[in-house]
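Structure, as structure tokens:
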Amino acid sequence: MLQFREINPEELNLIKDQLKSALHFEEFDTVINPFKIIIAEGEWKEVLLISEEMHKTFLEFKEFRKPYFMGNHLGDIKKNNFKISLEGITLISDYVKEKTVLSISGEKKVLYGRDLSKDNLASIPARIQENDKSILINKNEEVLALGKYLLSREQIEKSKGNQVVLKNIMDKGWYLRKGK
Amino acid sequence: MDIHELCSRFGYREYMIERYLKLFGEALIIEFLEGNEQKLITTIKVNTLRISREELYEKLTNKGFNLNPVPFIQDAFYVRHEPFSIGATTEYLLGYYYIQGAASMIPSLLLKPNSQDLVVDMCAAPGGKTIQLAQGMKNEGILFALDLSRERMKSLRSNLARCGVKNVIAIRMDATTLGDLKIKGISKILLDAPCSGSGLIPSDPTRKMSRGYEDIIFCSGTQLKLIGAAINALEPGGELVYSTCSIEPEENEYIIDAVLNQFGVKLIDLGLTIGEPGIVDAFGKSLAPDLKQARRFYPYLHKTEGFFVCKLKKVE
């Protein structure tokens, strides 16, 4: 049974720090702070964003029933690591400057849950290094996925056409494959 | 008219043909049964939390989809031609629309929730109607979404996440115990009740044989408990939309007739220009005349799934 509570300062700092280091997201106060941040703790910790009004109502009924979920799911904390969710990357995307733009073939491939090669990338952030994470968007700037680079920009440029250069961490095809 | 011949020709259980003959009469029964043989056109509802109707139309038609507006539903399209599955587009995955029967789009529109309302969707999964309610509320205020099934709750969560719904508190519970939540100030409730699903025969012909009369009676018992819980939880002056995808009077007009007698509620005119009036005399039982304000939808008449909907107001 999930236990719901407000986030503590350590958890808050963990999320802030990891979003900053992994995705260069520095607008936490602007984007996330307007929400009440709730932790739903079970096997791991779900990070949920709800309005003040929802929080007040939650406090009224929580002794009678536990929610199954509520609000917007920012991500999960597992073993002291914050893992952002699909909804989370959609929420922060406008405030992350450097994203990877996929080609049409890349869009199709990533939504099937597959990893990407150089040919699937229309443009990549300037200073990308091996193991850097990046939000993947299409040419319409629609958020599709989160990926992790397996090579630096220089190495990618030298890579062969079908060599995997970007690992698919999560993508919105999940809603069809697993979320139905 | 030979009931056995109709059973054999259209593949129904005998009790169903007997009932439909009484409901529609000899003049319309063939038309009704033939209507159930026609495949319904897929309909989609634009998720205005994510995109405008015009933008979605442009994106999908550029991909080769042929869309026509559904005349009686704002922001909904018939999908006349799909070069590939409408459920497998990037736009679907981005939550720009959801796939839903046209008649099933009506209850949330009738409830007309806004961000000041405290709304409960009593049998919410898989979430199409919940998403519509959230759109009406502009993703603000509070929308409780209840459902009993663990598996269906997962679908609900996924669909709400895909469509960017943020104002939902979802609780896995038997909605007949809604009162246990002790929530004050519930102004609007949607009860799209679990039912025998006889309105879904065009999309699932197995229902012609898989449901017995006992299923109708079982469902009506559950429906009565659910609507009673809804009315008790609603604040005075609050509104309740009741719907099912069944065309059986025991699951629809009989239920509403019972609550009109038991509770301080009244039926409200729906203001719809489509749909047949509710039945006021079924299987020899006379029902409240106000039930004409309810609406019925049939595949043979409206090219939608079979559906029943009405709106009640709790008397102050």
task = Among the residues of the range B:174-189, count how many are assigned to a loop (DSSP other than H, G, I, E, B), surrounded by fewer than 19 Cβ atoms within 10 Å (Cβ to Cβ) and at the interface with chain A (Cβ under 8 Å from one of its Cβ atoms).
result = 2
task = Could you check the range B:1-118 for helices (runs of 4 or more DSSP H) lying wholly inside it with 1 or more residues that are loosely packed, with under 13 Cβ neighbours inside 10 Å?
result = B:3-10, B:14-37, B:53-62
Conditions (1) at the interface with another protein chain (Cβ under 9 Å from one of its Cβ atoms); (2) buried (at least 21 other Cβ atoms within 10 Å of the Cβ); (3) not in a helix (DSSP H, G or I): number failed by B:N159 = (3)
query = Yes or no: B:G128 more than 9 Å from chain A (Cβ to nearest Cβ), within 19 Å of B:C245 (Cα to Cα) and either surrounded by fewer than 19 Cβ atoms within 10 Å (Cβ to Cβ) or not hydrophobic (A, V, I, L, M, F, W, C) (or both)?
reply = yes
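Look through B:L272, B:L240 and report the one residue that is in a strand (DSSP E or B) and either within 19 Å of the chain's Cα centre (by Cα) or within 15 Å of B:K311 (Cα to Cα) (or both). Let's see the steps before the verdict.
Details: B:L272 fails: in a strand (DSSP E or B).
Every option except B:L240 fails the conditions.
Looking at the range B:56-93 only, could you name the residues that are charged (D, E, K, R) and within 19 Å of B:I131 (Cα to Cα)? Give the derivation first.
To start, the set of residues in the range B:56-93 that are charged (D, E, K, R) comprises B:58-59, B:63, B:75, B:80, B:82, B:91.
Of everything in the range B:56-93, those that are charged (D, E, K, R) and within 19 Å of B:I131 (Cα to Cα) turn out to be B:D75, B:E91.
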message = outside the structural domain of A:N168 (by TED's automatic domain parsing) and not small (G, A, S): is that true of A:E60 in this structure?
response = yes
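So which of A:F61, A:F69 is facing another protein chain (nearest Cβ under 10 Å), farther than 24 Å from A:L23 by Cβ and either in contact with a helix residue (DSSP H, G or I) (Cβ under 9 Å, 6 or more places away or on another chain) or buried (at least 16 other Cβ atoms within 10 Å of the Cβ) (or both)?
Details: A:F69 fails: farther than 24 Å from A:L23 by Cβ.
Going through A:F61, A:F69 in turn, just one is facing another protein chain (nearest Cβ under 10 Å), farther than 24 Å from A:L23 by Cβ and either in contact with a helix residue (DSSP H, G or I) (Cβ under 9 Å, 6 or more places away or on another chain) or buried (at least 16 other Cβ atoms within 10 Å of the Cβ) (or both): A:F61.
Against the definition (among the basic types (K, R), assigned by TED's automatic domain parsing to the domain that holds B:I227 and modelled with pLDDT of 95 or more), how does B:K129 come out, yes or no? I'd like the intermediate steps shown before the answer.
Details: among the basic types (K, R): yes; assigned by TED's automatic domain parsing to the domain that holds B:I227: yes; modelled with pLDDT of 95 or more: yes.
Yes; evaluated as a whole, the condition is true for this residue.
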note = Counting only residues in the range A:142-180 that are in a helix (DSSP H, G or I) and away from chain B (no Cβ under 14 Å), the one farthest from A:A126 (Cα to Cα) is identified as A:K158
query = Would it be correct to say that B:F32 is closer than 30 Å to B:I247 by Cβ, at pLDDT 95 or above and not assigned by TED's automatic domain parsing to the domain that holds B:T273?
reply = yes
task = Could you list all residues from the range A:34-57 that are surrounded by fewer than 19 Cβ atoms within 10 Å (Cβ to Cβ) and facing chain B (nearest Cβ under 8 Å)?
result = A:E53
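Say whether the condition of being farther than 26 Å from B:C310 by Cβ and within 12 Å of another protein chain (Cβ to nearest Cβ) is met by at least one residue in the range B:139-146. Don't jump to the end; show me each part of the working.
At the first step, the residues of the range B:139-146 found to be farther than 26 Å from B:C310 by Cβ are B:139-140.
Narrowing the set further to residues that are within 12 Å of another protein chain (Cβ to nearest Cβ) leaves B:139-140.
Within the range B:139-146, one or more residues are farther than 26 Å from B:C310 by Cβ and within 12 Å of another protein chain (Cβ to nearest Cβ).
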query = What are the residue pairs meeting all of these: first residue in the range B:229-246, first residue within 17 Å of B:Q116 (Cβ to Cβ) and in contact (Cβ under 8 Å) with a residue 40 or more places away in the chain, second residue among the β-branched types (V, I, T) and crowded, with 24+ Cβ neighbours inside 10 Å, Cβ atoms under 9 Å, and 6 or more apart or on different chains?
reply = B:L234/B:V120; B:L234/B:I189; B:G238/B:I189; B:E239/B:I189
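The values are calculated or read from the model by the stated rules, or taken from the named source; none is laboratory data. Everything quoted here is computed from the prediction, not taken from an experiment. So basically every Cβ, Gly included, is an ideal-geometry build from the backbone, and we count neighbours across all protein chains shown.
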